[in-house]
Amino acid sequence: MGESVDQTPPASPVQTAQLVRAARRGDSGAFEQLIGRFERTALSVAYGVLRNPHDAGDVTQEAFIRAWQKLKDLRNPEGFGAWLCGIVRNLAADHYRRRKRESSVRAMDDPAEHAAAVPMLLDPSADLQQAERRQRIETALGALDEISRTAVVMRYYDGASSKQISEALGLSPAAIDMRLSRARNDLKQLLEKDVAHDER
Amino acid sequence: MNDKTDEIDVTLGALLGRELDPQCGRARTRFRAEMWQAEQAHRLGRRGWMMTAAGSALAACVGLVISFTTMRQLSQQPAGVLSPASPGRLIDPANAVAASSGLSAPSSLERNVYWRTVDDGTIQRDDESAVHQLRQQLFEKVRWYDPRHDATIELTRPREQTIQVEVPRQ
């Protein structure tokens, strides 16, 4: 798992339901607790779709605001996590489409802008190690399909169980296990190749 | 699971942590900011409503006083109109018509006073103090029939007074 970050321990469905009911009554403190418990889950889902940490952070923020506004629409308070993941996936898909459209428009409008960006990437003062690491993970994860990638990020970043992932993604736990197993093998091959390449 | 797979698991977790951990906490900060903004908007709305209510009450009082005064004046004084030659001075329309035509007083005379209050809301003065501003607009209209010229003459005199109520500083 990643570096330790101050986070609230995972909530049981009953605790989640209690917090949701309190938040519905306008208790913003209860909703903040829900944010603490589900932020990593939301980030994982957003990152699975967008493959960009900053964009994932933006979408996660927006998703929680949307969830606060629409909390009265949630029929089953115990299913807050899965419901939130649905909001995150929708927002992330919108964000992805918008980003794609904007980048294609920019490319058509101003090719010089993109040419100017190349020297920045080649800046020797840049943290090459970090860039390589990011590149490696992006390539490895990018090779997976969206569902598998989201499942992998939820498992490895959020520590989510197959049941939690299955609820968030609308698949059976067995299907999630199968996808995770296949994705792990693919990632292993890809990352091992990179490690071997680095060692040479 | 063999050792190599475990190593990949750990590496992947660490890499994802480095990518996504810096994003943790942004949602809570944004939510708090949204709550604060909503609270401020609610407070301003409530204060605005109270100011509007106070302003309306004040305007109603001013309106009552003016209409009462006007009614008293109408009942005590003869009707007068503004002389076009000397604006601001009231003359008796009957005398005016009689003097200009040499005929008897006009047969029909009508005098109306209309008023309304415009609430400008809270405005900033030059000394940066805030005041709630109301403008009392008054229209005095006098109309009579001139038999000599077989014409209806109408004179209107607009007036405006501004009332400023100081808004206490927070």
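The values are calculated or read from the model by the stated rules, or taken from the named source; none is laboratory data. The model shown is predicted, which means the values in this text are computed figures rather than measured ones. Heads up, the Cβs are rebuilt from the backbone with ideal geometry, glycines too, and the neighbour counts pull from every protein chain shown.
Here are a few things to note about the model shown:
- Of A:Ala131, A:Ala116, all but one fail to be within 14 Å of chain B (Cβ to nearest Cβ), surrounded by fewer than 18 Cβ atoms within 10 Å (Cβ to Cβ) and either touching an Asp or Glu at 6+ places or on another chain (Cβ under 7 Å) or at pLDDT below 95 (or both); the exception is A:Ala131.
- Pairs are defined by a Cβ separation below 6 Å, a sequence spacing of at least 6 or placement on different chains, a first member in segment B:16-27 that is within 7 Å of chain A (Cβ to nearest Cβ), and a second member that is of a type in the set (S, T, N, Q) and in a helix (DSSP H, G or I); the pairs so defined are B:Arg26/A:Gln61; B:Ala27/A:Thr60; B:Ala27/A:Gln61.
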